[in-house]
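This report concerns only the one structure given below.
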Amino acid sequence: MNVRRLTPADAAAYRALMLSGYAAHPDAFTATVEERAHLPLAWWEKRLAADPAPEIVVGAFVGGELVGTAALRLNERPKTRHHAFLFAVYVARAHTGRGAGAALMQGILAEAEARPWLSVIHLTVTEGNERAKALYERAGFATFGVEPYAVLDEAGYRGKVHMWRPLSRLQQGTGRDAGERV
């Protein structure tokens with residue numbers, strides 16, 4: 001398995017994988033197939049643009065096929081630039097349980113660590129998605145709260161579990177409350 005940052009040349013494969021993820025696991029994403037399917041390929045290419053980009057997307061490849069993704073949304077505002085938001089983590093069903101999720105976490109964390117201004121990563125996971133929550137916990141994320149009624153779909157309201165993870169520079173004590181988990 002190979003994990004690398006995606007580029008605009010990967011946009012068609014990225015789009016296809018994410019659309020299949022939205023369809024297979026609608027409760028795991030706030031985006032829907034209907035909302036994203038009509039977007040032009042240029043929209044997907046822009047998400048994969050080189051630095052300075054507001055988002056960084058890594059992909060897991062098996063035999064040249066894109067089988068999973070994880071993305072970071074970077075903050076540009078001065079007071080929140082130190083944290084990023086992890087989103088769009090997805091592994092195709094045929095490749096779950098084979099280490100792709102862990103490899104994606106390693107890849108995206110390496111991308112975050114390479115940006116010296118970042119010190120914290122946040123994410124949300126749909127309440128009840130224990131498999132994803134366990135993946136995040138193994139990668140060092142901790143829960144700090146639950147947002148009730150966060151999303152509404154045909155199954156009703158769902159809460160979002162909020163998680164965070166300090167990067168190594170925060171764990172080394174370079175900030176107030178360094179390494180302390182709430």
| 26 Å Cα-Cα reach of residue 46 towards lysines, excluding residues that sit fewer than 8 places from it in its own chain | 79
| query | Using a simple charge model, +1 on the beta-carbon of Lys and Arg, -1 on the beta-carbon of Asp and Glu, nothing else, what dipole does the range 109-175 show about its Cα centre, in debye to the nearest 20? | reply | 260 debye
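What does the highest-first list of 100-107, 79-86 look like by mean Cβ count within 10 Å?
So the order, starting with the most tightly packed, is 100-107, 79-86.
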| note | Taking 113, 76, 137 and ranking on accessible area (1.4 Å, protein atoms only), highest first, one gets 76, 137, 113
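Could you tell me what % of all Cα pairs in the range 54-97 have separations over 11 Å?
On the way: 638 of 946 pairs.
More than 11 Å apart: 67 percent of the Cα pairs in the range 54-97.
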| said: Relative contact order for the range 50-182: what percent, with Cα pairs under 8 Å and sequence separation of 6 or more? | reply: 19 percent
| query | Dimensions of the chain along principal axes (Cα, Å, largest first)? | reply | 44, 38, 33
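Express as a percent, rounded to the nearest 5, the fraction of DSSP beta bridges in the chain (both residues included) that run antiparallel. Walk me through the numbers before you get to the answer.
Values: 33 of 37 bridges.
Close to 90 percent.
Quick check for me: using +1 on Lys/Arg Cβ and -1 on Asp/Glu Cβ, what's the dipole size of the range 1-64 about its Cα centre, in debye to the nearest 20? Walk me through the numbers before you get to the answer.
Values: 6 positive and 7 negative charges, 37 e Å.
The calculated dipole for the range 1-64 is roughly 180 debye.
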| note | Between residue 144 and residue 37, Cβ-based FRET efficiency (R0 45 Å, step 0.05) works out to 0.85
| request: Step through the residues of the range 153-168 one at a time and calculate ³J(HN,Hα) from phi using the Karplus curve (6.51 cos²θ - 1.76 cosθ + 1.60, θ = phi - 60°), rounding each to whole Hz and writing x for Gly and Pro. | output: 9, 4, 8, x, 7, 9, x, 10, 7, 9, 10, 8, 8, x, 7, 4
| remark: With -39,500 (n - 2.57) per DSSP H segment of 4 or more residues and division by the full residue count of the chain, the 222 nm estimate, nearest 500 deg cm²/dmol, is -8000 deg cm²/dmol
| Signed unit charges on C-beta, dipole axis of the range 106-170, positive-most listed residue 136, 161, 112 | 112
| Residue separation times 0.36 nm, minus the C-alpha to C-alpha distance between residue 82 and residue 4: what's the value? | 25.8 nm
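Roughly how many debye, to the nearest 20, is the charge dipole of the chain about its Cα centre, given +1 on each Lys and Arg Cβ, -1 on each Asp and Glu Cβ, and no other charges?
Details: 22 positive and 19 negative charges, 95 e Å.
For the chain, the charge dipole is close to 460 debye.
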| field | Rounded to whole Hz, the Karplus (6.51, -1.76, 1.60) HN-Hα couplings of the range 131-136, x for glycine and proline | value | 5, 5, 4, 5, 4, 5
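The values are calculated or read from the model by the stated rules, or taken from the named source; none is laboratory data. If you're wondering where the values come from, they're calculated on a predicted model, not measured in any experiment. Here Cβ is always computed from backbone atoms with ideal geometry, including for glycine, and neighbour counts include all displayed protein chains. What goes into the accessible areas is simple: the full protein's heavy atoms, side chains included, and nothing from ligands, DNA or RNA. Shrake-Rupley method; radii C 1.70, N 1.55, O 1.52, S 1.80 Å.
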